[in-house]
Amino acid sequence: MLWPHLLLALHLTGVIVWVGGMAFAYTCLRPAAMALEPPQRLTLWVGVFRRFFPQVWIAVILILGSGLSMILRVGFAAAPPGWHLMFAIGLLMMAIFAYVWFVPWPRLQRAVAQAAWPAGGTALAQIRKAVAVNLGLGLTNVAVATLGLLL
C-alpha cells in the first residue's frame, strides 16, 4: 500500500512547486519588481526564471509520471471523470509551459543579454500572460481534486 501514497506524494509535490511558484511569482514578486527600472526588472526575471523553469520541468515529470501511474493502476475507462479532467488540464498546462520555454523565454534571455529592453519587456509580457493562464488552470485543477469534483 506504500506505492499509491508515494505516487500521490510525488504528484502533490510537483503541483505545489509549480502552482505555488506561479502564485508567488505572480502575486508577490511581480508587484514588487514593478518598482525596479526595466533593466533591473528584466535582469531579475531572467535570474528568477533560470532557477524556476528547471524546477517546473522536474515538476512536470513528477506530475505526468505519477498521474499516469495512478490512472493506469485503475485503467483509463475506470478512472473517475475528474481524473480525466485533471489530466486534460494538466496536459494543457504543460503545453503552455513548453510554449513559454521555447518561445518567449529565449527571447527574454537574448533581449537582456543585448540590453534590448523593449524586446525584453514584450517577451516578459508574453510569459506573464501565459503564467496567468497556467495559474488559473492549476488552481482549477486543485479545485477539481479537492472539492469533490472527482465524481
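The values are calculated or read from the model by the stated rules, or taken from the named source; none is laboratory data. If you're wondering where the values come from, they're calculated on a predicted model, not measured in any experiment. Every residue, glycine as well, gets a Cβ built from its backbone with ideal geometry; the counts of neighbours run over all protein chains shown.
In this structure, is residue 123 at pLDDT 95 or above, more than 10 Å from the chain's Cα centre (by Cα) and in a loop (DSSP other than H, G, I, E, B)? It would help to see each step written out before you state the result.
Values: at pLDDT 95 or above: yes; more than 10 Å from the chain's Cα centre (by Cα): yes; in a loop (DSSP other than H, G, I, E, B): no.
When the stated conditions are applied, residue 123 does not pass them.
Test residue 139 against the stated conditions and say whether it is in contact (Cβ under 8 Å) with a residue 60 or more places away in the chain, of a type outside the set (Asp, Glu) and either surrounded by fewer than 17 Cβ atoms within 10 Å (Cβ to Cβ) or in contact with a Lys or Arg (Cβ under 6 Å, 6 or more places away or on another chain) (or both). Reasoning before the result, please.
Details: in contact (Cβ under 8 Å) with a residue 60 or more places away in the chain: yes; of a type outside the set (Asp, Glu): yes; either surrounded by fewer than 17 Cβ atoms within 10 Å (Cβ to Cβ) or in contact with a Lys or Arg (Cβ under 6 Å, 6 or more places away or on another chain) (or both): yes.
So residue 139 passes the test.
Being more than 25 Å from residue 144 (Cα to Cα), in contact with a helix residue (DSSP H, G or I) (Cβ under 7 Å, 6 or more places away or on another chain), surrounded by 14 or more Cβ atoms within 10 Å (Cβ to Cβ) and of a type in the set (Gly, Ala, Ser) is true for just one of 79, 111, 59, 23. Which residue is that? Lay out the reasoning, then the answer.
Values: 79 fails: more than 25 Å from residue 144 (Cα to Cα); 59 fails: more than 25 Å from residue 144 (Cα to Cα); 23 fails: more than 25 Å from residue 144 (Cα to Cα).
Exactly one residue qualifies, and that residue is 111.
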Every residue from segment 82-96 that is surrounded by fewer than 16 Cβ atoms within 10 Å (Cβ to Cβ) and modelled with pLDDT under 95: 84
Has segment 128-149 got any residue that is at pLDDT 95 or above, part of a helix (DSSP H, G or I), of a type outside the set (A, V, I, L, M) and touching a Pro at 6+ places or on another chain (Cβ under 6 Å)? no
